[in-house]
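Below: the structure, in structure tokens.
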Amino acid sequence: MAERRALELDPLAVGDRFLLFNFTRRDDHVVYLWVLRAVDRLREVHQVQVDAEQVAGALDELSREYADVPELDGGLRDRLDRLHDDGVLLRFDDPSRAGSLVRYRNRQSVYQFSELGYWAYVSVEGVLAARVQDANLSRLVFSDILEDLRGLTAANRAGDGEQIYRRLTRLDSVLEDMGRRSARFHVTLGEIMQTTETSPEVFLQHKNALLTHMTEFTAELDRYLPRLSEAVQEVEATGLATLLDRAARADDRPFIDHEGRLEEWRRRWAVLRAWFTRDDDGPSRADELRSATRVAVSAVIALLRQITEFQRGGVNHASQLRHLAHWVWDAPDEDAAHALMGAAFNLRSARHLGVAHDDAEDISPRASWWDAPGVEVSVPLFRSGRQPTPGVPAPLRGNRGAQHELRKRQAAARADERRAAGDLAEDGIHGRVLDETQTRVLLKLMTKALEGRTVVAGRLTGGVGSDDALLIRLVPADVGSTVRTAHGTLHLPGLRVEVNPRTGRRKP
Amino acid sequence: MARRKAAHGVAPGDLADYQNAVRHVLTCDLITAQRPRRGVLEQVLRWADEISADLRELLDYSLIATTHQVRLVRRLDHLDGTQRSVFSYRRRRFDRRRLAYLCLVLGSFQRSRVEISLGDLIRSFAPAANAIAGLGFDPTVNTHKAAVVDVLNWLVDRGALRLSDGSLESWLRDSDRGDALFDIEHDTCALLFKPARQPQHLTSAAGLLHEPPGPESPSGRGDAARRARRLLVERPAAYYAAAEPDVAEALRAPELAEDMARLTGLVVERRAEGVMLADPAGACTDRPFPGRDVVSRAAGLLLAKIADLLEEHGQTTPGMPLPTLAEDHTGLLDRADAGLPHEGVVTELAWTAAEQDRDPGEPRERERADAPFVAESRLRVLIDELYEEFGAASFTTAWRNDPHGLLAEALAFLADLMLLRHVPGGVLVLPAALRYRNITAALHAQSSRAQLSLDITDPATDAEENDGAAS
């Protein structure tokens, strides 16, 4: 295959061949192109060797058909010579008989395409003529391939060398074509996907056809692949070495010897085999093509979804935002700009005033805000800027000395009280002056007793107050009682106080 | 009107939870796993169906809830220039450059890319910026770069972008070497921009708003009720005199406000001049008041001073008629429309405002309410007094030497809360401002403390402190 041989070219040869395209880089490359077109037109009518006059005539003819043909102001011969320098054209002296010395001396050169030069010209024309719309996956070739493979089996069995050669050649070209097409299709597809950013219309227009095309291709491939794989194996079963030998014999290319031809057919068969049968080192090329097509289908669908989503508004999302940016930027003030942005994005937040009345029902809804009481606000907040919150917990300080001291004092106070309570229980409260501790104990218990009283039938009953050593009972009495303390006299009208030691509990 | 009540499918035990979710939805347009806080999304998604039904029925809002985002798409009645926190980063309000950059950056995310580096983003965004006369983007100008950084941070906050490598700071320092790589969340990007109509089809910003049906149309009455509910739910206070007559009438119906209170968990406060939903927790708002920050505090003290002033002079201060929401809106609309780039409008599809939109309503039906006027010069005296009483240092270092700057800031804040209103030469005091008259105690306590060195706490103040702490 041509591509494979190209891999073996050394850099020098590659450089020579690149020189063939030199005319595309010259200043007036369009003129060179038309000159070559004129030469090619003459070649089509089998005028292989042409001189400058004939080329000029062909150019004239072309300029009648196409408006773009440039005017040549002489210098055609120079241009032909430069094409000769690049290797696109070959230059010969005119071999026809001159007949006279004058004509012999004025004899002109003639030109013809070199083999490689012609390829260079054709490939340039190919690039120029290429259209995106041409890309396709050749769905219909599978049945041909299958038929060829079966024919190959039959021909090898029958020993028909020419038939083998024909079938193999056709298979070779079909496969090459298919590989090229699929590669081209995927390149084109990738290009469409990248460029729809700006103009998705082309894509949308053809989306259905594209998807159908790809899904049908995969379906066809799925259908044929097992059969093709089987057919390849059948061909091999009829004896591969014989087959290739016969093909090489039928091959009538004069410039390659038998060994070379055999080697080439072997390579071609390996390529063919790699298309349809799975090797140990990986999937077949048809498998790869299938998975690539599947990926492409899902990519197309995803792209389609994105395009339609973004186009829902009719005008592109990005252009809306650009328009809005322009609008906002030209707004006369910030408030208007924010109002516009907020409305366009539809973004805002609810806003409410803080602090509510606890007793909302007590205020008449008909009262004016002027007359209604204000809400209870936390004044420290306004005084100092600090909210009256408990705040973060203060760090714990292990102040052992102080704690110990406090505990000691507390214990002493408790001991004092207990002793005082003991005194009270022993000696009663009447008929003596109570000291400070005793008074405190008494008052504490009396507070408890007074709080504990209940009302029964409109009358207060007595109350009882106790601590761990002492129990006092307040008994309602007509004659009140009096307790003398160090600070003065405590009158208890309507109450008698009875003091008893607490029983049933162990004294500490 | 036969209509179901708000939150009718919610069990009484769950009502607080439900109302909390509604408040989140109302204060945070786009709730994501991280925004406003972790856990909020789950809390809201639990009630997504009920909230969605309630909001559609009561307010005609639509709620887009997926497992990753919750987005409230509102129906807007008025343009609102006071929403400062929506387009802002780190409490700094976006200027027009940042707003325009935000649009362009959001518009430059290509759908086929899941991630983008800052360098690439700039390459695709800069030509668009340069195409707008006067805007432009110059990578050597630091303010332009800072604007881009703020915009990207804004998008990162909302989960539209996710930083995966590099940092914005390194790019800000050196845009040649520093770079950042972002993942693009296309779903979130698409959710952020939800205009009611495509901006390119508009000849006026009014097209972005809800168009009220004609008065004779059968849905007119329900529409007025919805507008009233929206006013109540979105704005700090709804004054009857400022609203359109049909909306004011709907606002007077007691069940309307009760319904909204049940939906949001806020407390109805109804007075002669209007009705409002008070927010006891101070969380259902973008501008908390009373709040701890210095502007909010100065605003409160200023209100107290003004209340004192008005009490002293009684209601003898000459008043001015309260401007209506429609008048505000018309002014804002005219200014917004002044910037409309006509060349970008797709005229074949263009939407034009109906004439009735611009009509501010017949004055004969409107009750004229006068609001007291306080002159600018008087306000300056008041703020100077405050500085004297509390000491300049208590207003933070940023403002200690700029009392009049703080005054302007506090007045703007109070205007946003619909407690004051700027008019040429001073401000009008709106009725709801008087509900904060108790702040006066802060002033009196302060002055009494200055005179008496004894530490005797005023029992009244003490009680208030306790209440304040308890509430």
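The values are calculated or read from the model by the stated rules, or taken from the named source; none is laboratory data. Remember, it's a predicted structure, so these values are computed and weren't measured experimentally. All Cβ positions, even for glycine, are placed from backbone atoms using ideal geometry, and neighbour counts span all protein chains on display. Remember, those area values only see protein heavy atoms, side chains included, never the ligands or the DNA or RNA. Shrake-Rupley method; radii C 1.70, N 1.55, O 1.52, S 1.80 Å.
Would you mind getting me the FRET efficiency between A:Asp478 and A:Arg414? Use the beta-carbon distance for r and R0 = 56 Å, nearest 0.05.
0.90
At a Förster radius of 30 Å, what calculated FRET efficiency corresponds to the Cβ-Cβ distance of B:Ala338 and B:Asp60, to the nearest 0.05?
Using R0 = 30 Å, I get an efficiency of 0.55.
Given the Cα-Cα distance of A:Glu53 and A:Glu147 and 0.36 nm per residue of separation, how much length would full extension add, in nm?
Contour length minus Cα-Cα distance gives 28.6 nm.
Please work out how much accessible surface A:Lys448 shows to a 1.4 Å probe, ignoring ligands, DNA and RNA, in Å² rounded to 10.
110 Å²
Taking K and R as +1 and D and E as -1, what net charge do the other residues with C-beta under 13 Å from the C-beta of B:Val423 add up to?
My count for the surroundings of B:Val423 gives -3.
At a probe radius of 1.4 Å, figure out the A/B buried accessible area, summed over both chains, and give it in Å² to the nearest 100.
Heavy-atom accessible area buried at this interface is about 9300 Å².
At 7 Å along Cα-to-Cβ for each site, give me the label-to-label distance between B:Asp95 and B:Met320 in nm.
About 2.9 nm separates the two model spin labels.
Please list, in order along the stretch A:63-68, the HN-Hα scalar couplings obtained from phi with the Karplus expression 6.51 cos²θ - 1.76 cosθ + 1.60 (θ = phi - 60°), rounded to whole Hz, x for Gly and Pro.
5, 6, 8, 10, 6, 7
If we sort A:37-49, B:70-82 on the protection proxy, mean other Cβ atoms within 10 Å, highest first, what's the order?
B:70-82, A:37-49
Which FRET efficiency value, to the nearest 0.05, is calculated for A:Leu62 and A:Val187 with the Förster distance at 35 angstrom and r the Cβ-Cβ distance?
With a Förster radius of 35 Å, E is 0.65.
Summarise the partner chain shielding of B:83-90 as one whole number: the mean count of Cβ atoms from other chains within 10 Å of each residue's Cβ.
Rounded to a whole number, the mean comes out at 4.
Once you average over the residues of B:432-440, how many Cβ atoms of partner chains fall within 10 Å of each Cβ?
6
If we count GluC sites (Glu not before Pro) as exposed when they sit in a DSSP loop and have at most 13 other beta carbons within 10 Å, what is the longest stretch of chain B that avoids them all?
B:1-215
May I ask you to give the percent of accessible area on the protein assembly as shown that is carbon plus sulfur, with a probe radius of 1.4 Å?
51 percent
In whole percent, what relative contact order does chain B give with Cα contacts below 8 Å and a gap of six or more residues?
14 percent
Restricting the calculation to Cα positions, tell me the Rg (one decimal) and the Dmax (whole number) of the protein assembly as shown in Å.
Both quantities, over Cα of the protein assembly as shown: 46.8, 176 Å.
Measure off 7 Å from each Cα along the Cα-to-Cβ vector at A:Glu263 and A:Ala130, then give the distance between these two points in nanometres to one decimal.
My value for the distance between the label points is 3.2 nm.
Counting chymotrypsin sites (Phe, Trp or Tyr not before Pro) as exposed when in a DSSP loop with at most 14 other beta carbons within 10 Å, what is the longest stretch of chain A free of them?
A:256-508
Quick one: what are the phi-derived ³J(HN,Hα) couplings along the stretch A:481-491, Karplus 6.51/-1.76/1.60 with θ = phi - 60°, whole Hz, x for glycine and proline?
Rounded to whole hertz, the list is 10, 9, 10, 9, 10, 5, 9, x, 9, 9, 9.
Within a 10 angstrom radius of each residue's Cβ in B:279-285, how many Cβ atoms of other chains show up on average? Whole number is fine.
5
Return the percentage of antiparallel bridges among DSSP beta bridges fully within the protein assembly as shown, rounded to the nearest 5 %.
Just about 95 percent of them are antiparallel.
At a threshold of 8 angstrom on Cα-Cα distance, excluding pairs fewer than six apart, so keeping six or more, what relative contact order does the stretch B:14-73 reach in percent?
Once divided by the residue count of the stretch B:14-73, the mean separation gives 36 percent.
Using θ = phi - 60° and the Karplus curve 6.51 cos²θ - 1.76 cosθ + 1.60, what whole-Hz ³J(HN,Hα) does each residue of the stretch B:224-233 get, with Gly and Pro shown as x?
For the stretch B:224-233, the Karplus curve yields 4, 5, 5, 5, 5, 5, 5, 4, 5, 7 Hz.
Would you mind calculating the relative contact order of chain A from Cα pairs under 8 angstrom and at least 6 residues apart, reporting the percent as a whole number?
That works out to 7 percent.
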